[in-house]
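Contents: one structure, followed by commentary.
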Amino acid sequence: MKKSILIIGACGQIGTELTLKLREINGKNSVIASDIREGNKELMKSGPFEFINAMDYNSISNIVDKYAINEIYLMAAMLSATGEKFPEKAWELNMDSLFNVLNLAKEGRVKKIFWPSSIAVFGPTTPKENTPQETIMEPSTVYGISKQTGERWCEYYFNKYGVDVRSIRYPGIISWKANPGGGTTDYAVEIYHKALLIGKYKSFLKKETKLPMMYMDDAIDATIQIMDAEPETIKVRSSYNLSAMSFSPEELALEIKKIVPEFTIKYKEDFRQSIADSWPKSIDDSSARKDWGWNHKYDIVKMSEKMLNNLHSKYK
Ligand code: AKB
């Protein structure tokens, strides 16, 4: 069957690059980008775009009919830091949007769904190092609670209604095309921009705060790979742990200094420190590697070279 894909939240950090990649693979008219706002020029020029409010079932349903959509990637969400400022809004957006797409699949109107979860499903009582696929999960942020609840609903819709929903627990995602918004791991993107623009950065996390991270190209590969995998290879219908690297602000600064020698960093923690402290330092993703062949390509060295080269060309 020919794919007809809808991406909700296409103008965000991951949505932008996912849309571009899926259009490259499937052709631009098979991938409909949607969001409540316009995205960057590259995205807007690359193919069809529709305004969709992810919380409005009817607006999604109309677009599903209009383009005979059979796959949805739901990338709209309020992330950890913004979620702590607007807890009720975060809960509403993250849960309503998920139910809208799960119900479209339950009604047989779409065949497959991708929904991102996050390392935020883990909490202060979770083992911090090499966090297992199945372990204690007591998230302490609204974002984390919404993602953990979402995972339970995904599994429930799969078991009860046969909905083919697939999910990954993204670590912090690092990229240069579109900015992240409202996350705790955002420092690891901002730092590259500031290194090139002003040669210094003030980190809102302490220098030793280690978190799981991933370069965007790996995140996009994983997302497309899990969606293309044969259904019987997807053994986890809540969400898969996914990992590539872990580092602290101090370790990242040292890596940047190798390429931008004048770069300096200072540390002044804010409310995001306690969120980071509640998350794992490293993740065991052996289930994803075993079940559907996940393998990362980028480490901190290769990623830093790519980030600084690409941003250098962008700012020239
Ligand atoms: C955040 O920091 O909130 C996100 C995430 C880890 O899901 N980047």
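The values are calculated or read from the model by the stated rules, or taken from the named source; none is laboratory data. Since we're looking at a predicted model, the values are computed, not measured. Positions of Cβ are backbone-derived with ideal geometry, glycine not excepted, and every protein chain shown enters the neighbour counts.
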Original post:
Out of segment 160-197, which residues are more than 9 Å from the ligand (Cβ to nearest atom), over 20 Å from PHE263 (Cβ atoms) and among the charged types (D, E, K, R)?
Top reply: LYS160, ASP164, ARG166, LYS177
Original post:
In segment 57-73, is there at least one residue being within 15 Å of the ligand (Cβ to nearest atom) and modelled with pLDDT of 95 or more?
Top reply: no
**OP:** Taking the options ALA10, ALA68, name whichever one is crowded, with 24+ Cβ neighbours inside 10 Å, small (Gly, Ala, Ser) and assigned by the TED database to the domain that holds ALA105.
**Re:** ALA10
Original post:
Of (1) buried (at least 19 other Cβ atoms within 10 Å of the Cβ); (2) away from the ligand (no atom under 16 Å from the Cβ); (3) within 20 Å of MET216 (Cα to Cα), THR16 satisfies all except one. Which?
Top reply: (2)
Subject >> All positions within segment 238-272 that are more than 23 Å from MET303 (Cβ to Cβ) and touching a Lys or Arg at 6+ places or on another chain (Cβ under 8 Å) >> reply: SER238, SER239, LYS268, GLU269
Original post:
Got at least one residue in segment 264-276 being over 23 Å from the mean Cα position of the chain (by Cα), among the β-branched types (Val, Ile, Thr) and surrounded by fewer than 19 Cβ atoms within 10 Å (Cβ to Cβ)?
Top reply: yes
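Give the residue, chosen from ALA253, ALA188, ALA222, that is within 14 Å of TRP292 (Cβ to Cβ), part of a helix (DSSP H, G or I) and at pLDDT 95 or above. Full working, then the answer.
On the way: ALA253 fails: within 14 Å of TRP292 (Cβ to Cβ); ALA188 fails: within 14 Å of TRP292 (Cβ to Cβ).
Unique residue meeting the criteria: ALA222.
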**OP:** Could you check, for segment 26-42, whether at least one of its residues is in contact (Cβ under 8 Å) with a residue 40 or more places away in the chain and in contact with a strand residue (DSSP E or B) (Cβ under 6 Å, 6 or more places away or on another chain)?
**Re:** no
Original post:
From the residues in segment 142-159 that are of a type in the set (A, V, I, L, M, F, W, C) and more than 16 Å from GLY83 (Cβ to Cβ), which one is farthest from the ligand (Cβ to nearest atom)?
Top reply: PHE158
Original post:
Any residue in segment 108-125 that is in contact (Cβ under 8 Å) with a residue 24 or more places away in the chain, in a helix (DSSP H, G or I), away from the ligand (no atom under 16 Å from the Cβ) and crowded, with 20+ Cβ neighbours inside 10 Å?
Top reply: no
